[in-house]
Each structure stands twice: as C-alpha cells, then as structure tokens.
1. Working from the pairwise distances between different alpha carbons, so that the mean of 1/r is found and then inverted, what is region B:285-376's Kirkwood radius in Å?
2. Nm distances between the label at A:Pro39 and the same-position labels in the remaining copies, 7 Å along Cα→Cβ, shortest first?
3. Under the rule of at least 5 residues apart or a separate chain, name every residue whose amide H is placed under 5 Å from the amide H of B:Arg288.
4. Taking the label point 7 Å from Cα in the Cβ direction, how far apart in nm is B:Gly127 from each other copy of itself, listed shortest first?
5. Quick check: net charge around A:His411, other residues with Cβ under 12 Å of its Cβ, Lys/Arg +1 and Asp/Glu -1?
6. Taking the alpha-carbon centroid of each part, what is the distance from region A:179-215 to region B:151-194 in angstrom?
7. With a cut-off of at most 14 other beta carbons within 10 Å, and DSSP calling the residue loop, which trypsin sites (Lys or Arg not before Pro) in region A:113-198 qualify? Please list them.
8. Per residue, how much accessible surface does region A:61-155 expose to a 1.4 Å probe? Answer in Å², no decimals.
2 protein chains.
Amino acid sequence: MKNRKILLTEKEIPEKWYNIIHDMPNKPLPPLHPGTKEPIGPEALAPLFPMELIKQEVATEKWIEIPEEVRDAYKLWRPTPMFRAYELEKMLDTPAKIYYKYEGVSPSGSHKPNTAIAQAYYNRQEGVKRITTETGAGQWGSALSFACQHFGIECEVYMVKISYNQKPYRKIMMNTWGAKVYASPTNLTEAGRKILAEAPDSPGSLGIAISEAVERAATDDNTKYALGSVLNHVLMHQTVIGQEAVIQMEKAGDLPDIVVAPFGGGSNFAGISFPFLRLNLEEGKNIRCIASEPASCPKLTRGVFRYDFGDTVGMTPLLPMYTLGHTFVPAPIHAGGLRYHGAGVVVSQLLKDKLIEAVAHDQVECFDAGVKFARAEGIIPAPETNHAIATAIREAEKCKEEGVGRTILIHLCGHGHFDLGAYENYFSGNLEKHEITSEEIEAALARIDTPVIE
Amino acid sequence: MKNRKILLTEKEIPEKWYNIIHDMPNKPLPPLHPGTKEPIGPEALAPLFPMELIKQEVATEKWIEIPEEVRDAYKLWRPTPMFRAYELEKMLDTPAKIYYKYEGVSPSGSHKPNTAIAQAYYNRQEGVKRITTETGAGQWGSALSFACQHFGIECEVYMVKISYNQKPYRKIMMNTWGAKVYASPTNLTEAGRKILAEAPDSPGSLGIAISEAVERAATDDNTKYALGSVLNHVLMHQTVIGQEAVIQMEKAGDLPDIVVAPFGGGSNFAGISFPFLRLNLEEGKNIRCIASEPASCPKLTRGVFRYDFGDTVGMTPLLPMYTLGHTFVPAPIHAGGLRYHGAGVVVSQLLKDKLIEAVAHDQVECFDAGVKFARAEGIIPAPETNHAIATAIREAEKCKEEGVGRTILIHLCGHGHFDLGAYENYFSGNLEKHEITSEEIEAALARIDTPVIE
C-alpha cells in the first residue's frame, strides 16, 4: 500500500522567507505618487505599517529570517501536509501524477494566516495596540483576528455590510478570536459617515471598507493597518508554503512539471510558486507555474500591464500591474477572494517577462472540478481553490490525450466549509458562468486613465 | 523551541481494532427480545447489517484485523495529529500538561468516518447497493455519505426535518459527496406516511428518522442500514484513535493521568479511552478515563443501569445500559450529538464496574471552555467537543490548586465550523444552561417500564 501523504516535522518549517525580487531578471518598477506621478519611497507607508514590514516591502536581499516566535506560532498548523491525489488520478484515468499541498488545516481554513501571524508579530514588536483591516467574504479578516489574538493585539475588522449580513458565520469566527467586526460603512470614520449621509442603506464595498480601515490607522498613533495580499511583503510571507512543498516533492522522489494556484491579488499563487520559480531561475529547471483566474475577472489573461491604483477609489500609490482598471467591477462570482481588478507588482512583472503563465476558467467549470475533487479525495475545496483544480484537470486530461505522464502540483489553499451555499447553487443548476465579452473588456480598459508603461 | 505536534506516519495507522470485551472482568449482558424479553442472538440483526459487522458485534476475540482497503481509505486523513496545548496551559497558568488528539482533520470534520469507512467497506464486500441511515445535526450523515462515495455505494440519509431546514450546510455537504438527503418524515416509507397523515407539519425527530431508515433497509434486499454509535462494532472501529494516541503519548515521553472525551452514545469516548483502559487492565496502569456529558442529559451521572430500548419508539432489542428512559426528551442544547437518552452497552458495563468515570457540565460552562480553547490553540471546537474541554479545564485548575502537574489528554473529536450559530448565541448572552432538576430526573426514571437488572 502506497502512502498518500508526505509530512514534514516542525523542524522543517522554513527558517527564512524567500524574496524572489533578488532573482528577478527585471526588477519591479517603482510605485508612483498618485498626485505627482513621481516615484515614491517607503516613508510614504509609515503611517500605516510598522517599520519592519516597510523594510521588507522594499527589501532586495534573497532571504529574510523568520523570527522564532513566528515559527513557533506557525507550529499551530504548519508544516501543512502534501497529498498524492491517487483517487483523483483514478477518477480521471490519467497518466498524470497529481499532488496537492493543503493549507486548509490552518485554524481559519486557508493560507492567509501565514502572513497574518507575521504581520501581527511585527506590529506587536513595535508596540502597536490595534490593527485594522477590511474583509469581504471573510477569509482575510478571520486570519488576522486569529493572529492578533495570538499576539495579544486588538483587531478591528471592517466587513462589507452585505457580506456581514449574508455570511454571519465568518463574523462569528472573528468574534470567537476576540476581534471587533463592524458592518461597513460605519459611523466610526469620516469616510463611513460621508457614505452614510449620501446613502444610508449602502450595502458597502471593499473600496469603502479599505477607506475606513486605513483612516482609522492613519488617525490613531496606536493603530496600524494590515493588507492580506498584493504587497511584496505579503507575497513573501506566503513562500513558506512553496518551500515546504519543494522539500515534500523531493521526499516523494518527484519534481512537478506544472504548479497551479488560484489567482486573486497574488499571495496565494506566489506562496506556492516562487520557491519553484527559484529552481527555474537558479538551476535552469523548467517548471511551468500557472495562475488560475476567473473568466469574469481576467486581468492576467485579458488585462493590460500599466500603472493603476490598488484600490477602487484611487487613494493608494500607483502600482505597475496587470489590471482591468481600478473601476472595474467583477461579476458576483462565489470565489470572492479572486474578485480583484489588478495583480501584485512582482507577479505582474514575472508574467510580463513570460516566467509564469495564466489561464482563466468560468465558475461552472470550477465547481465541476471542485465536486470531482471532493468525491475523489474527500476534502471540499473553497470556490477560489476550485480554479486551480480546474486547471489541473485540464492539464491531466491533456496528459491522457498525449499519453504523457506529467507531474502536477495543486495549491489546495483552503476548504469550502463556509461556502456550501455556493455548492448548493451549483447543484440546483443556478450557477451562472459569468463570462465577459470582448466589448466589456475593451470598455473597461478604455476607462483607465493612469500612466502607461513604455 | 519545543514541538507542538506529535505526528505519526501512515505505516503507524493501526492494523487491528481493539475489542475491549475480551478484557472486561464482567462481560456485557445479552440483549433481550422486545416482545418475549428473552435473550436474542445475532441472527436478529441480519436484515439490517452485513454478516461481517454482525460477527464483529458479538465478537469476543481481543483484536480484529482492519482490512487493507479500509486502512488505505483511512490514509485520506489518518493518522490524526496530537498536539501539546502549550497555549492553553499558559492561559490557565496550570502545572498540568495538556495534550489533545484532533479528529477534526477528517473530510467531514469529526471522528465519525472511522466507522463509516469500515461499515461502507463491509457492505460493499457483501454486494450491498445502498445504505440508509438517519441523521440529526448531520455529523453522522456526512461521514457516511463520504464513506459511501469512496466505496461506490448509494447513500440515503433521513435527516430530521427541522435540522434539514435549519442546517442546510450539512445537507449540501452530503449532496457534495453524492448522497440523497430526505427531510424526514417523508412519503417514501410507511412510517413516514403514517406520521404525515396524522401531522402533515411534523418537524420530525430522530426516532421517526430511524424508523424510516430501518424500514427502507428491512424491505429492500439490496439495502442495509448503518448506525453511527452505541453498538459494539461501532465503538470498536473508533479504537484506531486511542491506539494512535497511545503511540503518540509514548513518543512524547509521557503517559496521561487523565483521558477525557465527550459522551453521546459512547463511540467518541470509546475511541480514545479503550486503548488506554487496556493499559489499566493489562499492565495495571491507573489512567482515569472520564466521560463528559451534558448536565441536561445526564444518563451516566444521574441515570439508572437497566434494560432499555435503544430508540425512542421501542422497536430495537432491549439493551443493558445507563439510561434516563427511552422516552426522555433532552433539552435542545447545541451539542446535538450528545442528546441521547442511553449509553452503549460496553461503556455502561465499564461504568457499572467503576472502571471509568463520568462528569456533567451545563452548556454555558462548555462554551466558556470552547472559547478559551479557540483563543489559545486556534481551533474552534464543536459544541460536543467543548464538554471534554470543560472537564479538562476543571482538572487543570485542580492541578493548580493542588500544585500537582498531572498529564491530561483531551479527545478533540471535531471542529465547530458548522456550529458557529451556537457560538453567536453564547456571545450574545442568549445561551441557556439547561440544567435539570432532581424532580425531572425522578419523573423520567419513574416512567421506565423495561426490565430491571438485578
């Protein structure tokens, strides 16, 4: 009987985060000031983030030491298991070997705590009393609540009001870890009050929630802000996933031909793929790293590479990214974590340089894939995760057609325990594909008025 | 930095189930025919269960081989991790060493698949096409759905109608694994039609759902029935938990003074404790095994030991058990899995012989304990699980008072991802203690009219 799992010991939790910027042939372009359009330095971030995270944001050294206390907290769920997906291979009748790295074992059920724990730690080190953040579906808010509880910091989450009302379980989860959760827009901030004055029944939006969380941090000396994806330091914290996966693949006596991960802002994809890209960059390996995005929000496959705002309202620095435009409103797909108009700077540069690939799937294909996976392997994946599974199944079917047994590694970044309403939707035949027409894409891109990259 | 987890490899998944009956000083009394009150043999079970499970139900040998295919399926989540609860110890400021064995990593989130997989396997071996069962809150129905999917058997779950409507996520989980889930009472059975004729709006009950599932199995040659607790073979299948835990405690260089587990019908408690009781019985160890039950359903601490029916309506054989009477209706506590009037035969005999202990907790104490645990260790436990945590915290506080550092092992049998509504209830101060008065207990016991045990 063969082993299904490849496990590591706590000693094998990585001691350093991998900073891929060091190895990139073309470094990311600098962020620009939203007013002057001139490059800005790290000092612009000081009101919002602790110094150590700002240093990491602009770091160019290859490895950054993970503090002992962070590694100790990681042990609450890390190292995470890797599985050989024998049952899925059998179901697909494919010569491909399929593995998955499972981050759903973390307390909040996804990869998000890898950076939440690190961010909470550095804030506490610098005497910060309170961290604010926004959350949509609730994955990131849950992870930060858990992390703040662990390090004894207050956590204030601005949750988009419509999600607050529709997904009470995520809110209660955050409460269980001691966080205060507010339905945004609130009366607690200028930004919130302004919205409420104009639209008392506003359902809120991620853009508004960001404004509220940022305002709270900017106007209180004891309070900082935390972001769950997009930024360089966030992507880097996630590389513990891929570093473990590299060791696990070695222990399995294998090396992936293909690594697939869902793509929202980039931290999920970066987490698993950057340590494999290192093998490409350093050792000339040829591992294909594929980002799986929703067909309804195809910034990587159908967007443009240019400067754009990170937020909807245009308050952040301008970042060089693949984008559909910061005013683009993605269709209401169930994979809420992937409904973001842009892509992190580092991942964008890598795609520009053809060092990574991207594909898009409509959500019906994704849920087809997720249900297949659940029936074969047992685990019910999050809607975001289903995108990577859909890509893996396409590749496994290609292997079958071509009679070639490639090795595929899936980033199984989270479970779907809080997303079963989406599965119900799928089973009842009410799931929309939410594809997007060329005209809609063109119209969205035409609206972008931020600087072009030559 | 110390390790938090004690992990095992797949090679260390137990090869045999432990049958404690072999080692019991007083063997369990025989079941009686509900009509004649005469002892009945295993043949009475033939319409409902496959032969191999009936053999296990009456087996007296000490060890029963686990089939290779069952062990292979176990690998989808086993061995389960054991954790040293350093953060909880710190929070309680106790000299006690606290460990927990975590079964929430299984696909359905509890220990239930340990027996579901075994039962589905034996049914498939004997050519059974369909398995029926009942479910209340949904833990058992989910586990059996997953197991039937794995072995390619149809699964039909009769889910109590009020739960079906109130807990749609559990139903969707079962659908995801391919099961058919019916809101009981249904029009598909005589039993269901009879109830609906009398009460078209019946919210259903576990008693009715059992009647429907049993009728379907009894009247169709290709269909059998499965039960998730109480019976000897079910308890025995769960001993994989405790066998792993014995090895893990050895690897930690420790031995528990106290093992605690929640108590519903007995399979949860048996699973972790029987392999430690074996050390008591064989090697003269003195490990206290404590069953934690709800104060609202205190069959072990305030019930009587006598013959009683396993079900509410009185269709099953009469079993020698600790009971509050088969017509006892427990208060609607959130720990739905512990709302059972009686206790499995083997566990009852062990308690009668003072080889195990029992304590009761009201549900407010349990949620207090569960929230402490979640804030310390990250994992949000199921309401059932919180009972064991409450006992562990009491014992850890006793250690502090006495200045003695005992070792406590908690059976963390499941996560609370589908029970956050109960936590919300707790946080909002709306949780009732649901204690029970002496008069209520006396009245319940006075209603029992089944044979007394001399």
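The values are calculated or read from the model by the stated rules, or taken from the named source; none is laboratory data. Just so it is clear, the structure is predicted and the values come from calculations on it, not from any experiment. Here the Cβ positions follow ideal geometry from the backbone for every residue, glycine too, while neighbour counts run over all protein chains shown. Calculation scope for accessible area: heavy atoms of the full protein, side chains included, ligands and nucleic acids excluded. Shrake-Rupley method; radii C 1.70, N 1.55, O 1.52, S 1.80 Å.
1. 14.1
2. Label point to label point, same position, other copies: 9.0 nm.
3. Hits under the 5 Å cutoff: B:Ile258, B:Val259.
4. Its label point is 8.0 nm from the equivalent points in the other copies.
5. For residues surrounding A:His411, the net value is -2.
6. Measuring centre to centre over Cα atoms gives 42 Å.
7. A:Lys129
8. 26
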